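Before any comments, here is the structure.
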Amino acid sequence: MNIGCLTIVGGGEEGKKILLKNLSVFEAGRSQGNHVYLRDETVAFSHFRIYRNDEQFSVYDLGTKRGTVVNGKSIDKVDLKAGDLVRAGEVEMRFELVDEETPGRLASSAPDSNESDAQAFNGGVLTKTRVSQPTLVVIDRDAQRGRFALNGKVQFKIGRAVTSDLRLSDRKVSRDHCVIESLRDQHIIIDLESANGTVVNGDRIKKVVLKDGDFICLGCTTLKYDWV
C-alpha cells in the first residue's frame, strides 16, 4: 500500500520528506504541535489540514490570510494528485504517493528534531513526568496564549460562547464546541456535535480519554493537554 509524502522543494528545509502515514487527519503549520511542522515565519501557526482515506488525500485551507495554494491556485479544499505542488507561505511542497519503506520523517505531533533519533523518525510522542496539575495550554493563537488549570472543574467547557470556561475567538470554533469532564484521575474530552469537529492527535473524535502530551485541534486553534 502506498502512503502520502510531502517533499519540501522550496524554503529553508528543502529536500525534507514528511510521510503521511497511520493517521486519518494531519494538521500542518508553524506550531510545534502540528503533525506537519513547517519552520518558516511566512507559514501560519495552523495553516492547512490534510485528510486521508486509504490512498486518497485532500487538503483544506484553515482560513489563513495568505491562503493555501495548489498548483498555483488558492484553494479552500481540493483532492490531491501525485505531483501536485502545495504552497503555504513561502514553503512549497510536492505531494507524492510513495512506498511505506521510503525514508523520511513520519508526520507526528511529537516535537520535531534535527537529530536522527528513533522517536522523531518513528512518530513517537515524547512524555514528561507528572508533577503537579493538569492544564490546557493554548499554543498557537497569538491573542490567546496561556494556561488554563483543569483542577477543581467537573466540567470544563470550550467554545465561542461567553459562558465557556475557555472562550475562543476562532470563527471555526462552535459556540459550544467540546467539554472536558473530570472522572477520578482522568480527563475525558467530548465533542458537542461541533460543526468542524474535535481532533485529538490527528483523529476526529466523539469522546476519548486524554493523555499527557495530547494535542487537541479545534478549528484553527491548537491546545495541548499537559501536566505541569
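General remarks:
- Leading residue by the ranking (most open to solvent (accessible area, probe 1.4 Å)) among those in the range 10-40 that are hydrophobic (A, V, I, L, M, F, W, C) and either in contact with a Leu (Cβ under 8 Å, 6 or more places away or on another chain) or in a loop (DSSP other than H, G, I, E, B) (or both): LEU23
- Check on SER182, open to solvent by less than 70 Å² (accessible area, probe 1.4 Å), without any contact (Cβ under 8 Å) to a residue 24 or more places away in the chain and farther than 30 Å from LEU19 by Cβ: no
- Residue in the range 88-113 that is modelled with the highest pLDDT, counting only those that are in a loop (DSSP other than H, G, I, E, B), under 21 Å from the mean Cα position of the chain (by Cα) and acidic (Asp, Glu): GLU90
- Cβ pairs under 7 Å, 6+ apart, first in the range 20-45 and under 14 Å from MET93 (Cα atoms), second part of a loop (DSSP other than H, G, I, E, B) and of a type in the set (Ser, Thr, Tyr): GLY29/SER46
- Candidate set from the range 204-213 (those that are on the phi < 0 side of the Ramachandran plot and open to solvent by less than 30 Å² (accessible area, probe 1.4 Å)); member that is nearest to the chain's Cα centre (by Cα): ILE205
- Taken together, the criteria exclude ILE216 from residues that are modelled with pLDDT of 95 or more, hydrophobic (A, V, I, L, M, F, W, C), assigned to a strand (DSSP E or B) and surrounded by 15 or more Cβ atoms within 10 Å (Cβ to Cβ).
- The range 41-54 - residue that is assigned to a loop (DSSP other than H, G, I, E, B) and either open to solvent by less than 60 Å² (accessible area, probe 1.4 Å) or not acidic (Asp, Glu) (or both) and, of those, nearest to VAL78 (Cα to Cα): HIS47
- Given (1) under 23 Å from VAL36 (Cβ atoms); (2) modelled with pLDDT under 90; (3) open to solvent by 40 Å² or more (accessible area, probe 1.4 Å), number of the condition ASN196 does not satisfy: (2)
- Verdict on VAL199 being without any contact (Cβ under 8 Å) to a residue 40 or more places away in the chain and hydrophobic (A, V, I, L, M, F, W, C): no
- For SER116, the conditions (1) more than 17 Å from the chain's Cα centre (by Cα); (2) modelled with pLDDT of 85 or more; (3) of a type outside the set (Asp, Glu) are fulfilled apart from (2).
- One residue stands out among those in the range 55-86 that are free of Cβ contacts under 8 Å to residues at least 24 places away in the same chain and of a type in the set (D, E, K, R): the one that is surrounded by the fewest Cβ atoms within 10 Å (Cβ to Cβ), which is LYS65.
- Residue match in the range 155-166 (condition: of a type in the set (A, V, I, L, M, F, W, C), farther than 22 Å from VAL25 by Cα and outside any loop (DSSP other than H, G, I, E, B)): yes
Listed here are the residues, each with its yes/no results for (1) modelled with pLDDT of 80 or more; (2) over 30 Å from GLU41 (Cβ atoms); (3) touching a helix residue (DSSP H, G or I) at 6+ places or on another chain (Cβ under 8 Å).
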position: GLY123; (1), (2), (3): no, no, no
position: SER132; (1), (2), (3): no, yes, no
position: ALA143; (1), (2), (3): no, no, no
position: THR163; (1), (2), (3): yes, yes, no
position: ASP176; (1), (2), (3): yes, yes, no
position: LEU223; (1), (2), (3): yes, no, no
position: ASP226; (1), (2), (3): yes, no, no
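- Pairs with Cβ under 6 Å, 6+ apart, first in the range 149-167 and touching a residue at least 24 places away in the same chain (Cβ under 8 Å), second of a type in the set (Asp, Glu) and open to solvent by less than 50 Å² (accessible area, probe 1.4 Å): none
The values are calculated or read from the model by the stated rules, or taken from the named source; none is laboratory data. None of these values were measured; they are calculated from a predicted model. When we count neighbours, we look across all protein chains shown, and the Cβ atoms used for this are built from the backbone with ideal geometry, even at glycine. What goes into the accessible areas is simple: the full protein's heavy atoms, side chains included, and nothing from ligands, DNA or RNA. Shrake-Rupley method; radii C 1.70, N 1.55, O 1.52, S 1.80 Å.
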